[in-house]
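Engineer: Quick one: this structure, given as structure tokens, is what I'll be asking you about.
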Amino acid sequence: MKFLQFLILTCTVLSTNNVLGQDATTIMEKAYHVARSQGEDQKILAHMNIQDKNGKTTMERELYVLRKNVSGSENQKWYAYFKKPADIRKMVFMVWKNQDKDDDRWLFLPAMDLVKRLASSDKRSSFAGSQFFYEDITGRYPSEDIHNYEGEADGNYIIKSSPKDAGDVEFDHYISHIDQKNHLINKRVFYNSKSQELRVYKLIESEKIQDYWTYKKFSMTDMVSGNKTITSYKTVAYDLGIPDDVFTEKSLRKAPRKWLRK
């Protein structure tokens, strides 16, 4: 009888863990969809305010970000064009985001008239001097990590995520606080192997636009230096019919002006 009780208990625990594990992955997939792939395409005019540890603004950036989903796949194409300040005006960052292989990434530096192919290792580098990394801009596929359900708090799911390829990233794991109603990521903390905070992301403002829940203002803080970047979306629009030829190497040097207006 004791053995039977033990067997039932063991099976119950394993079953529960499997359910929770599946729930965690499903939650992360929904959160990724809300953050990165709603609509067929998207255009954003963004402002970045980069601050030192004392809250003093050290740099500002204004840029257009265009995104298009590739039909029939989880792949995407991204195009970021810098408007301000003058020293980086016309700089372009473009990504062909591939789920089954490394992303293709380009950076156009107008001052040098140089198109640079970025290595996959560069995705964890600073984006335009901010506390956001290149990968933060286009997002990290949920399939790259193992997700575990940690509970709920203040209307949020708490999910712990650990990279499948630890050698590919600088963090050991991250904890996400995901809104139970709309799957917006309200907070995300990246930790090192000693469980010390590396970077902290926080959602400040959101809005429903064209029936899509949308991030409008959020921050990323480097917990080592204390520096912070606050990003605000000045305008957001979905389902515009952005053509494929916007996301080509030709558009690095010759910007698609039609799609870079308010």
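The values are calculated or read from the model by the stated rules, or taken from the named source; none is laboratory data. These figures come from a predicted structure and were not determined experimentally. Neighbour counts run over all protein chains shown; Cβ positions are idealised from the backbone, glycine included.
Engineer: Which of the residues belonging to the stretch 106-132 are in contact with a helix residue (DSSP H, G or I) (Cβ under 7 Å, 6 or more places away or on another chain) and of a type in the set (Lys, Arg)?
Structural biologist: Lys123, Arg124
Engineer: Applying the selection to the stretch 88-105, what residues are among the hydrophobic types (A, V, I, L, M, F, W, C) and under 19 Å from Arg257 (Cα atoms)?
Structural biologist: Ile88, Met91, Val92, Phe93, Met94, Val95
Engineer: Still on this structure, please answer the following. Is there any pair with a first residue in the stretch 27-44 that is under 15 Å from Ser143 (Cα atoms) and a second that is of a type in the set (Phe, Trp, Tyr) whose Cβ atoms are under 7 Å apart and which are 6 or more apart or on different chains, and what are they?
Structural biologist: Note: pairs meeting the criteria are Ile27/Tyr157.
Engineer: List every residue pair whose Cβ atoms lie under 9 Å apart, where the two residues are 6 or more positions apart in sequence or sit on different chains, the first residue falls within the stretch 109-133 and is at positive phi, and the second residue, located anywhere, is in a strand (DSSP E or B) and among the aromatic types (Phe, Trp, Tyr).
Structural biologist: Matching pairs, first to second residue: Ala128/Phe82; Ala128/Phe93.
Engineer: Can you give me the number of residues within the stretch 104-136 that are in contact with a Ser or Thr (Cβ under 7 Å, 6 or more places away or on another chain) and either aromatic (Phe, Trp, Tyr) or under 21 Å from Val70 (Cβ atoms) (or both)?
Structural biologist: The number of residues fulfilling the criteria is 3.
Engineer: Further question: Quick one: in the stretch 70-119, which of the residues that are among the polar types (S, T, N, Q) and modelled with pLDDT under 95 is surrounded by the fewest Cβ atoms within 10 Å (Cβ to Cβ)?
Structural biologist: Ser71
Engineer: Still on this structure, please answer the following. Suppose we filter Ile185, Ile158 for residues that are in contact with a Gly (Cβ under 7 Å, 6 or more places away or on another chain), crowded, with 17+ Cβ neighbours inside 10 Å and not acidic (Asp, Glu); which single one remains?
Structural biologist: It is Ile158.
Engineer: Counting residues that are touching a helix residue (DSSP H, G or I) at 6+ places or on another chain (Cβ under 8 Å) and either at pLDDT 95 or above or hydrophobic (A, V, I, L, M, F, W, C) (or both), which strands (runs of 3 or more DSSP E) fully inside the stretch 143-251 reach at least 2?
Structural biologist: Fully inside the stretch 143-251 and qualifying: 145-153, 156-163, 173-179, 212-222.
Let's see how each residue does on (1) surrounded by fewer than 19 Cβ atoms within 10 Å (Cβ to Cβ); (2) hydrophobic (A, V, I, L, M, F, W, C); (3) within 29 Å of Met112 (Cα to Cα):
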position	(1), (2), (3)
Trp213	yes, yes, no
Thr221	no, no, no
Thr235	yes, no, no
Gly241	yes, no, no
Asp244	yes, no, yes
Thr248	yes, no, yes
Arg253	yes, no, yes
Pro256	yes, no, yes
Leu260	yes, yes, yes
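Engineer: Checking Ile137 against (1) in contact with a Phe, Trp or Tyr (Cβ under 7 Å, 6 or more places away or on another chain); (2) at pLDDT 95 or above; (3) hydrophobic (A, V, I, L, M, F, W, C); (4) surrounded by 15 or more Cβ atoms within 10 Å (Cβ to Cβ), only one condition comes out false. Which one?
Structural biologist: (2)
Engineer: I'm trying to understand the selection: among the residues of the stretch 45-86, which are farther than 25 Å from Pro110 by Cβ, of a type in the set (Lys, Arg) and in contact (Cβ under 8 Å) with a residue 40 or more places away in the chain?
Structural biologist: If the condition is that a residue be farther than 25 Å from Pro110 by Cβ, of a type in the set (Lys, Arg) and in contact (Cβ under 8 Å) with a residue 40 or more places away in the chain, then Lys53 is the only one that fits.
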